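The numbers here are math on the coordinates, done by the rules we state, and not lab data. Quick caveat, the model's predicted, so the values are computed rather than measured. Positions of Cβ are generated from backbone atoms using ideal geometry, with glycine treated the same way; all protein chains shown enter the neighbour counts.
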Amino acid sequence: MAITLTEAAANRVKTFMESRGKGVGLRLGVRTTGCSGMAYVLEFADEIADTDHVFEDQGVKVLVDPKSLVYIDGTELDFAREGLNEGFKFNNPNVKDECGCGESFNV
Amino acid sequence: MALLQIAEPGQSTAPHQHRLAAGIDLGTTNSLVATVRSGVADTLPDDAGRHLLPSVVQYRAGAEPRVGREALAGAVRDPLNTIASVKRLMGRGVADVKTLGDQLPYAFVAGDSGMPRLHTVAGDVSPVEVSAEILKALKARAEASLGGDLVGVVITVPAYFDDAQRQATKDAATLAGLNVLRLLNEPTAAAVAYGLDRSAEGVIAVYDLGGGTFDISILRLQQGVFAVLATGGDTALGGDDMDRAVARWIMEQAGIGEDADHAQMRRLMRDACAAKEALTGADLVPLDVELMDGSHWQGELSRAQFDALVAPLLRKTLNTCRRTLRDSGVEIADVSEVVMVGGSTRVPCVRAAVADFFGRAPHVEIDPDRVVAVGAAIQADILAGNKPEDEMLLLDVIPLSLGIETMGGLVEKIIPRNTTIPVARAQEFTTFKDGQSAMALHVVQGERELVSDCRSLARFELRGIPPMVAGAARIRVTYQVDADGMLSVTAREQGSGVQSRIEVKPSYGLTDTEIETMLKASMDHASEDMEARRLREQQVEADRVLEALQAALVKDGEHFLEAAERAAIDAATQALVAARQGTDHRAIKRAIEAVEKASADYVERRMNANIQRMMAGHEVKDFE
């Protein structure tokens, strides 16, 4: 399995990384918090930890720590617009149910 | 599911706790809202992709007011209920507004607090309420774009806005349901947008040429703090004047007389504006103007011709720059960065003239209409806690000194101008008379030495001071200015702990020209003020000496003084009373010294008697 990005997501990440001017890649992960168990982490990464799994898709390095990977392996990161709002979306095949807003989830 | 943004390392938020923040440029003509998403700061468009929201509100009977472009359309049809340029009224009193009256078509009604209200079909509204409608529209746009409620906003205000105008802006935000993280000076925001706050130090000139106003601000950056050295400008000079110059030229070329009707003039202004904008990218634009008789005049306008037409306007702005630089006390060579703000700075000859004047290429990379909002968004993002702690917080300064009235109508400055905020400063004062139980405190703003030449902000009283001899009470007066420039004053008697406090919300404000005038007056009158201060100081000292001496004489004058001695003291006292009436502080000082000399023996005898009384019954070792 792996982590992948849609073309839209990859383009946006590259733009954001460029304007930020530093960083080695994008960190995806989960934290045990939120109204129904887990919450996604989406951050710029300035360094790669020894234990990180590193995926590369369309020129974007995606870093995932081993504890998080089991929850999000197979995820496709998408960039979407909903009305005026726009942002990233996790298409995560491991999710069984999520809270109403989808910000936290269970596996 | 919810849409996520990329956070800085370690700054991911818990679900439903996004620290959504926005920066708002609440402008005279147009307003904007911007935010930082995935590390990028940009303005937010509406659903038709337009970033600028016209700062116009149209009130309707029995319906919600219209804001923005829809309201703008109403300006022609329904001018009395369509409020534009409300920023010019923020924090102003009825008297201030009257001086603007000629330019504004609205029906003003005086409110209870001296704040003007505008009469509309939906009832009377205050400028604060009108601004709140604009802010509500921006809030709705930001929340729709971010998918959640805003935790706070940074709103920009002109550097010359005084406390009243700042407070009015904050009130409007509160009314719109916005939490103001801080107010930020517009030129400072523009500098932040370019990341200039990250350089160590330097002098920054911000040249802001909008549609109808021109502002130049000279900022000094020192250790991450922006100080406004000077501001200058013209509230009636901008891109509209360029359009007018082009329209006049077309009229000459096409043989259109001064008798052209309204519709013809509006078409001309529109064509002129279009030609100006086209010349930003082209060297020559064709013109096709419809005349009143339905025929067309065709011609062309070259960039060189256009540059010649607007040259007088540019010279005016550069003269203002020169004056403002002189006020700020820095040389052109000291200016390390120049930032361009306002749509009219897109015009190539404006950029060239500014580059030539300052001897360096100005920053133009960020859209000049949006740069202020972008800077505010960056600041809001930091204040909302989305950045690691080492990102510095930039500070602002107070524009005029804050002081307190002391005896004789003198001003004691507690916080000098250009002090960075937030700040708290305290000073101790004491009582003037024996048994004084209350003290009146008068808070003033300004640079002059006499209260009558400064602006009165507030008065309040500290009561319940325990009876003590004059000079024994210790009253600590603390001035505190928060991050938005709001002042609160506390007075506390240190011995008994009685205290009194006031929040300063002045009823109405000063214009930028008034602030300038006040600053200038303080320099022009420096020596005069010094003389006045010396005179008042000597007068106060004379009163103190006379009062203390009289009190003593009444008590034990008979006991300690021979008739001749008493006569000498009385003569000196009378001379002092006479000198006190005059305006020569040196004469008063000499008279005080004469009284002190004449009464020296008497004072010594009293003191010895007092010491003997105190020591009676004590042995020397009690005092070791």
- Message: Placing +1 on the Cβ of each Lys and Arg and -1 on the Cβ of each Asp and Glu in the protein assembly as shown, which of B:Val67, B:Thr213, B:Ala587 has its Cα farthest towards the positive end of the resulting dipole?
- Response: B:Ala587
- Candidate lysines for bridging to B:Lys597, where Cα separation is under 16 Å - those fewer than 8 sequence places away on the same chain excluded: B:Lys589
- So how do B:Ile398, B:Ile6, A:Ile48, B:Ile611 line up by other beta-carbon neighbours within 10 Å, fewest first? B:Ile611, A:Ile48, B:Ile398, B:Ile6
- Message: Which residue, B:Gln436, B:Leu400, B:Leu181, has the largest displacement toward the positive end of the dipole of chain B when charges sit on each Cβ (Lys, Arg +1; Asp, Glu -1)?
- Response: B:Gln436
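Can you sort A:Phe55, A:Phe88 so the residue with the fewest Cβ neighbours within 10 Å comes first?
A:Phe55, A:Phe88
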- Hey, if you drop one equal point scatterer on each alpha-carbon of the protein assembly as shown and run the Debye formula without solvent, what base-10 log of I(q)/I(0) do you get at q = 0.09 Å⁻¹? -0.95
- Structure-based [θ]222 nm, chain B - -39500 (n - 2.57) summed over DSSP H runs of at least 4, per residue, nearest 500: -12500 deg cm²/dmol
- With each label point set 7 Å from Cα along the Cα-Cβ vector, what nm distance links A:Glu76 and B:Thr406? 7.6
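Pop the C-beta distance of B:Gln11 and B:Ala304 into the FRET formula with R0 = 60 Å and round what comes out to the nearest 0.05. All intermediate terms of the calculation are to be shown ahead of the outcome.
On the way: r = 53 Å, r/R0 = 0.88.
Efficiency at R0 = 60 Å is approximately 0.70.
Charges only on Cβ, +1 for Lys and Arg, -1 for Asp and Glu: so what's the dipole of chain B about the Cα centre, in debye to the nearest 20?
Working: 66 positive and 89 negative charges, 157 e Å.
It works out to roughly 760 debye.
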- For A:Ala2 and B:Ala122, extending 7 Å from Cα along the Cα-Cβ vector and measuring point to point gives, in nm, a value of 5.6
- Within a Cβ distance under 9 Å of B:Glu493, other residues only, what is the Lys/Arg minus Asp/Glu net charge? +3
- Message: For peptide A:83-91, what's the mean number of Cβ atoms from other chains within 10 Å of each residue's Cβ?
- Response: 6
- So, in Å, what gap is there between the alpha-carbon centers of the stretch B:169-186 and the stretch B:306-335? 32
- Item | Most positive-pole-ward Cα, B:Thr43, B:Gly257, B:Val203, against dipole of the protein assembly as shown from beta carbon charges | B:Val203
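Counting pairs of alpha carbon atoms under 8 Å apart in space and at least six apart in sequence, what relative contact order in percent does chain B give? Working shown, then result.
Details: 1150 pairs, mean separation 77.3, N = 624.
Computed value for chain B: 12 percent relative contact order.
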- Message: Taking the Cα centroid of the stretch B:542-607 and of the stretch B:28-86, what is the distance between the two, rounded to the nearest whole Å?
- Response: 72
- State the extension gain, in nm to one decimal, for the chain segment bounded by B:Arg605 and B:Glu277, taking 0.36 nm per residue of separation less the distance between their alpha-carbons. 109.2 nm
- At what distance in angstrom do the alpha carbon centres of the stretch B:234-264 and the stretch B:372-388 lie from each other? 42
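Going down the table (B:Lys87/B:Lys387; A:Lys14/B:Lys387; A:Lys67/B:Lys139; B:Lys136/B:Lys387; B:Lys87/B:Lys276; B:Lys316/B:Lys413), which pairs top 29 Å between alpha carbons?
On the way: B:Lys87/B:Lys387 32 Å; A:Lys14/B:Lys387 20 Å; A:Lys67/B:Lys139 39 Å; B:Lys136/B:Lys387 27 Å; B:Lys87/B:Lys276 27 Å; B:Lys316/B:Lys413 36 Å.
Going by Cα-Cα distance, B:Lys87/B:Lys387; A:Lys67/B:Lys139; B:Lys316/B:Lys413 fall outside the 29 Å limit.
Give me B:Ile83, B:Ile204 sorted ascending by neighbouring Cβ count inside 10 Å, so fewest comes first.
Numbers: B:Ile83 28, B:Ile204 25.
Going from sparsest to densest Cβ surroundings: B:Ile204, B:Ile83.
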